[in-house]
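Q: This structure is in structure tokens; I'll ask about it shortly.
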Amino acid sequence: MTATTAPAPAEETVLSVSLRAVAVIAHRDLLRQVKRPGVLLSQGVQILFFVLVYAVGFDGMIGSVGGVPFSAYVFPGIVAIQVVSIGVASGQTYAWDREFGVLRELLVAPVPRICLPLGKVVAGAGMVTVQSALMLAFAPLMGLELTPVRYAAAVGCYALAATVFSVIGLCLATVIKQMQTLQATVQLAMFPMLFLSGSVFSAADAPVWLAAVMHLNPMTYAVDLARQTLLGGHGLLVWWADLAALGAILCGVLILLRTRSGK
Amino acid sequence: MEAAPAFEVADLVVRYGKVTAVAGVSVDSPPGRITALLGPNGAGKSSLLGVLSTASRPDAGRVRIFGHDVGAAPMAARRRLGLVFQERTLDKELSVERNLWFHARLFGMTRSDARSRIALLLGLFDLADRRRQPVEQLSGGLSRRLEIARALLHRPGLIILDEPTNGLDPSARSTVWTDLLRLRTELGVTVLYSTHYMDEAEYADEIVILQQGSVVRRGGPEELKDGLASSRILVSCADPADHGTAERQLRAAGFPTLSEAGGLAVHCAEPEARIAEVVRVLDVPGLTVSVRHPSLNDVYLAAAGQESASPR
């Protein structure tokens with residue numbers, strides 16, 4: 001056999017160790033996602049269903065919102081629904097890894113523990129961002145004028161939203177240990193979060209009490225930012241306020257994730 | 001040459017709420033030794049291994065791996081550790097080779113080192129022709145071998161195995177033990193494992209028996225058995241009715257006897273030297289006389305009996 005002594009490794013900084021670990025975990029998670037084409041297909045069917053119901057079906061009935069065709073108005077929200085639902089679900093892979101024992105092996109690797117969830121965020125948010133970029137390519141069919149700058153800015157908005165909601169999904173998975181409880185909680189939270197976010201109707205048109213509830217929903221800021229980016233004009237808040245709100249939420253959930261991850 | 005002990009546990013306490021799983025355990029091992037942890041379910045074996053593996057934190061006490069404190073320097077300790085958990089921790093969706101590759105990269109091995117080391121270990125553990133097979137297609141025994149290979153990939157000095165043969169058939173168990181014994185003889189790796197099987201404990205240089213979170217026996221297999229002083233000559237008659245006669249004859253000759261399943265037992269320090277005397281004094285038909293030395297099972301049961309009898 002061989003000697004037990006490892007060759008002297010080059011001195012690595014904590015940053016380089018962390019970056020390597022995040023890349024390894026992300027690579028592993030992406031590989032697993034690619035091995036499940038059925039999941040990707042079902043996600044494609046889901047977005048197609050939303051487009052058919054809201055952008056096509058309701059478009060004939062509602063016509064326009066503030067001079068914008070309803071299909072164009074609702075499209076940024078439909079993409080956001082996809083980004084948020086898949087983002088939160090990607091965070092739940094942490095719970096599956098825990099359920100199947102894989103997490104134990106990862107937690108005793110000589111890397112900072114925060115790298116494990118961060119690797120999952122990179123994989124989950126990265127995959128969702130690619131999907132949102134593909135979906136945005138169909139925006140002109142919904143009546144949206146898509147310039148390269150708007151396209152790039154919108155992809156950036158969805159990348160930020162995907163990151164925020166992947167981290168929220170991970171936080172839930174680290175806080176709720178029971179798989180069934182976690183799934184039930186996510187299911188319970190997801191429906192109001194997706195539809196009370198301004199994705200289909202604006203908080204400005206809602207009763208005061210419902211608008212207040214919508215302002216508590218982090219997804220509202222993601223939808224508002226994406227809609228302003230793609231349609232131009234004024235949103236619920238000015239764009240930088242949406243960006244600041246999403247940034248603040250991201251900082252908050254990252255701190256929670258760091259606390260839950262340990263050393 | 002390693003100066004520090006491979007592992008060093010001092011006054012370890014682990015609690016789960018109001019339950020104390022480990023109550024002041026102190027054990028250590030020099031490099032190259034094989035140590036077995038024995039004890040019933042709930043004795044604290046997995047809790048002790050959990051802290052040693054850096055997966056959980058102690059409530060009190062000190063734990064060092066090759067001199068690295070697992071609380072203060074967990075990453076340095078983890079680099080010297082190879083772990084095989086009680087439950088399967090392989091990624092079933094990925095191939096044999098991919099599982100090893102991601103482990104190697106997480107442990108900071110360079111790509112070229114990882115490639116050569118994976119090829120070497122796949123060959124050593126007879127897994128080379130399964131390198132592209134998904135783990136979910138492997139048998140329990142092969143999965144275990146892969147986990148042991150993975151634990152060795154980054155060249156640890158200490159390998160910890162929590163009930164490594166749990167759920168395996170006798171043939172797979174035997175193969176796993178052949179592999180594990182090679183670790184020390186060929187690699188000089190220190191091994192710490194927990195088991196419920198007494199025959200597996202015999203492989204160890206030192207056995208630590210835990211009961212209700214405390215060490216109740218510690219020593220080499222022979223040392224523990226010798227310490228029990230329960231070697232005996234077993235006497236049985238073809239007709240159980242003759243046991244009374246045999247007992248009277250033995251007592252008359254000065255041999256104290258005790259009843260044992262299937263006959264009588266004469267306890268003495270060197271039964272081989274005295275068996276001829278026993279045979280000479282017995283005059284009963286259909287006599288069978290044999291010698292029995294204490295087994296690890298006797299040691300284990302004696303430890304369990306002592307612990308349950310002692311006030312807590």
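The values are calculated or read from the model by the stated rules, or taken from the named source; none is laboratory data. Please read these numbers as outputs of a predicted model, since none were measured by experiment. Cβ: placed from backbone, ideal geometry, glycine included. Neighbour counts: every protein chain shown.
Q: Cβ-Cβ distance below 6 Å, separation of 6 or more or different chains: which pairs start in segment A:93-110 with a residue that is at positive phi and end on one that is among the polar types (S, T, N, Q) and assigned to a loop (DSSP other than H, G, I, E, B)?
A: Qualifying pairs under 6 Å: A:Gly101/B:Thr89.
Q: Report every pair of residues separated by at least 6 positions or lying on different chains whose Cβ atoms are under 9 Å apart, first residue within segment B:193-205 and closer than 15 Å to B:Glu223 by Cβ and outside the structural domain of B:Pro221 (by TED's automatic domain parsing), second modelled with pLDDT of 90 or more and acidic (Asp, Glu).
A: Going by the 9 Å Cβ cut-off, there are no qualifying pairs.
Q: Only one of (1) modelled with pLDDT of 90 or more; (2) surrounded by 17 or more Cβ atoms within 10 Å (Cβ to Cβ); (3) away from every other protein chain (no Cβ under 14 Å) is not met by A:Lys120, so which one is it?
A: A:Lys120 satisfies all of (1) modelled with pLDDT of 90 or more; (2) surrounded by 17 or more Cβ atoms within 10 Å (Cβ to Cβ); (3) away from every other protein chain (no Cβ under 14 Å) except (3).
Q: Is one or more of the residues making up segment B:225-237 within 30 Å of B:Thr20 (Cα to Cα), out of contact with any Cys (no Cβ under 7 Å at 6 or more places or on another chain) and of a type outside the set (D, E, K, R)? Don't jump to the end; show me each part of the working.
A: The initial filter retains those residues of segment B:225-237 that are within 30 Å of B:Thr20 (Cα to Cα), namely B:225, B:227-228.
From what's left, out of contact with any Cys (no Cβ under 7 Å at 6 or more places or on another chain): B:225, B:227-228.
Remaining after also requiring of a type outside the set (D, E, K, R): B:227-228.
Yes: one or more hits.
Q: Taking the stated definitions as given, is B:Arg274 exposed (fewer than 11 other Cβ atoms within 10 Å of the Cβ) and either at pLDDT below 85 or not assigned by TED's automatic domain parsing to the domain that holds B:Asp205 (or both)?
A: Details: exposed (fewer than 11 other Cβ atoms within 10 Å of the Cβ): no; either at pLDDT below 85 or not assigned by TED's automatic domain parsing to the domain that holds B:Asp205 (or both): yes.
It is false that B:Arg274 is exposed (fewer than 11 other Cβ atoms within 10 Å of the Cβ) and either at pLDDT below 85 or not assigned by TED's automatic domain parsing to the domain that holds B:Asp205 (or both).
Q: Answer yes or no as to whether B:Gly61 is out of contact with any Gly (no Cβ under 7 Å at 6 or more places or on another chain), farther than 24 Å from B:Thr165 by Cβ and of a type outside the set (Asp, Glu). Break it down stepwise before answering.
A: Values: out of contact with any Gly (no Cβ under 7 Å at 6 or more places or on another chain): yes; farther than 24 Å from B:Thr165 by Cβ: yes; of a type outside the set (Asp, Glu): yes.
Against the criterion (out of contact with any Gly (no Cβ under 7 Å at 6 or more places or on another chain), farther than 24 Å from B:Thr165 by Cβ and of a type outside the set (Asp, Glu)), B:Gly61 qualifies.
Q: Report yes if some residue within segment B:34-49 is at the interface with chain A (Cβ under 10 Å from one of its Cβ atoms) and either surrounded by 22 or more Cβ atoms within 10 Å (Cβ to Cβ) or not aromatic (Phe, Trp, Tyr) (or both); otherwise report no. Steps first, answer last, please.
A: Residues of segment B:34-49 at the interface with chain A (Cβ under 10 Å from one of its Cβ atoms): none.
Within segment B:34-49 (the criterion being at the interface with chain A (Cβ under 10 Å from one of its Cβ atoms) and either surrounded by 22 or more Cβ atoms within 10 Å (Cβ to Cβ) or not aromatic (Phe, Trp, Tyr) (or both)), the answer is no, since none of the residues qualifies.
Q: When only residues in segment B:244-262 that are touching a helix residue (DSSP H, G or I) at 6+ places or on another chain (Cβ under 6 Å) and outside any helix (DSSP H, G or I) count, which is surrounded by the fewest Cβ atoms within 10 Å (Cβ to Cβ)?
A: First, pick out the residues of segment B:244-262 that are touching a helix residue (DSSP H, G or I) at 6+ places or on another chain (Cβ under 6 Å): B:249, B:253, B:257.
Adding the requirement that they be outside any helix (DSSP H, G or I) leaves B:253, B:257.
Values: B:Ala253: 13, B:Thr257: 21.
Looking at residues that are touching a helix residue (DSSP H, G or I) at 6+ places or on another chain (Cβ under 6 Å) and outside any helix (DSSP H, G or I), I get B:Ala253.
Q: Of all residues in segment B:57-81, which are within 10 Å of chain A (Cβ to nearest Cβ), small (Gly, Ala, Ser) and touching a strand residue (DSSP E or B) at 6+ places or on another chain (Cβ under 7 Å)?
A: B:Ala76, B:Ala77
Q: Condition check: assigned by TED's automatic domain parsing to the domain that holds B:His196 and either surrounded by 15 or more Cβ atoms within 10 Å (Cβ to Cβ) or assigned to a strand (DSSP E or B) (or both). Does B:Arg105 satisfy that? It would help to see each step written out before you state the result.
A: Details: assigned by TED's automatic domain parsing to the domain that holds B:His196: yes; either surrounded by 15 or more Cβ atoms within 10 Å (Cβ to Cβ) or assigned to a strand (DSSP E or B) (or both): yes.
Here the answer is yes, as B:Arg105 does meet what is asked.
Conditions (1) farther than 29 Å from B:Lys92 by Cβ; (2) surrounded by fewer than 17 Cβ atoms within 10 Å (Cβ to Cβ), marked per residue:
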{"residue": "A:Glu11", "(1), (2)": "yes, yes"}
{"residue": "A:Ser18", "(1), (2)": "no, no"}
{"residue": "A:Val24", "(1), (2)": "no, no"}
{"residue": "A:Arg36", "(1), (2)": "no, yes"}
{"residue": "A:Ser42", "(1), (2)": "no, yes"}
{"residue": "A:Val53", "(1), (2)": "yes, yes"}
{"residue": "A:Phe58", "(1), (2)": "yes, yes"}
{"residue": "A:Ala72", "(1), (2)": "yes, no"}
{"residue": "A:Pro76", "(1), (2)": "yes, no"}
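Q: Here is a further query. Would you pick out the residues in segment B:109-147 that are surrounded by fewer than 22 Cβ atoms within 10 Å (Cβ to Cβ) and either touching a Pro at 6+ places or on another chain (Cβ under 9 Å) or touching a residue at least 60 places away in the same chain (Cβ under 8 Å) (or both)?
A: Of everything in segment B:109-147, those that are surrounded by fewer than 22 Cβ atoms within 10 Å (Cβ to Cβ) and either touching a Pro at 6+ places or on another chain (Cβ under 9 Å) or touching a residue at least 60 places away in the same chain (Cβ under 8 Å) (or both) turn out to be B:Thr110, B:Asp113.
Q: Only one of A:Arg104, A:Arg20 is more than 30 Å from A:Arg227 (Cβ to Cβ) and modelled with pLDDT of 90 or more; which?
A: Details: A:Arg104 fails: modelled with pLDDT of 90 or more.
Testing whether each residue is more than 30 Å from A:Arg227 (Cβ to Cβ) and modelled with pLDDT of 90 or more leaves just A:Arg20.
Q: Within segment B:47-66, does at least one residue satisfy the condition of being touching a helix residue (DSSP H, G or I) at 6+ places or on another chain (Cβ under 7 Å) and in contact (Cβ under 8 Å) with a residue 60 or more places away in the chain?
A: Within segment B:47-66, one or more residues are touching a helix residue (DSSP H, G or I) at 6+ places or on another chain (Cβ under 7 Å) and in contact (Cβ under 8 Å) with a residue 60 or more places away in the chain.
Q: Oh, and also: Just to be sure I understand, how many residues within segment B:167-197 are closer than 28 Å to A:Val111 by Cβ and more than 10 Å from chain A (Cβ to nearest Cβ)? It would help to see each step written out before you state the result.
A: Within segment B:167-197, the first condition is being closer than 28 Å to A:Val111 by Cβ, and the residues that meet it are B:179-180, B:183, B:187-194.
Adding the requirement that they be more than 10 Å from chain A (Cβ to nearest Cβ) leaves B:179-180, B:191-194.
The qualifying residues number 6.
Q: Of the conditions (1) within 30 Å of A:Pro112 (Cβ to Cβ); (2) within 19 Å of the chain's Cα centre (by Cα), A:Arg20 clears all except one; give me its number.
A: That leaves (2) as the condition not met.
Q: Let me ask something else. State which residue is nearest to B:Thr165 (Cα to Cα) when the search covers only segment B:113-149 and only residues that are under 27 Å from the mean Cα position of the chain (by Cα) and among the basic types (Lys, Arg).
A: Filtering segment B:113-149 for residues that are under 27 Å from the mean Cα position of the chain (by Cα) and among the basic types (Lys, Arg), the one nearest to B:Thr165 (Cα to Cα) comes out as B:Arg144.
Q: Let me ask something else about it. For B:Gly44, indicate whether it is on the phi > 0 side of the Ramachandran plot, modelled with pLDDT of 90 or more and under 20 Å from the mean Cα position of the chain (by Cα).
A: On the way: on the phi > 0 side of the Ramachandran plot: yes; modelled with pLDDT of 90 or more: yes; under 20 Å from the mean Cα position of the chain (by Cα): yes.
It is true that B:Gly44 is on the phi > 0 side of the Ramachandran plot, modelled with pLDDT of 90 or more and under 20 Å from the mean Cα position of the chain (by Cα).
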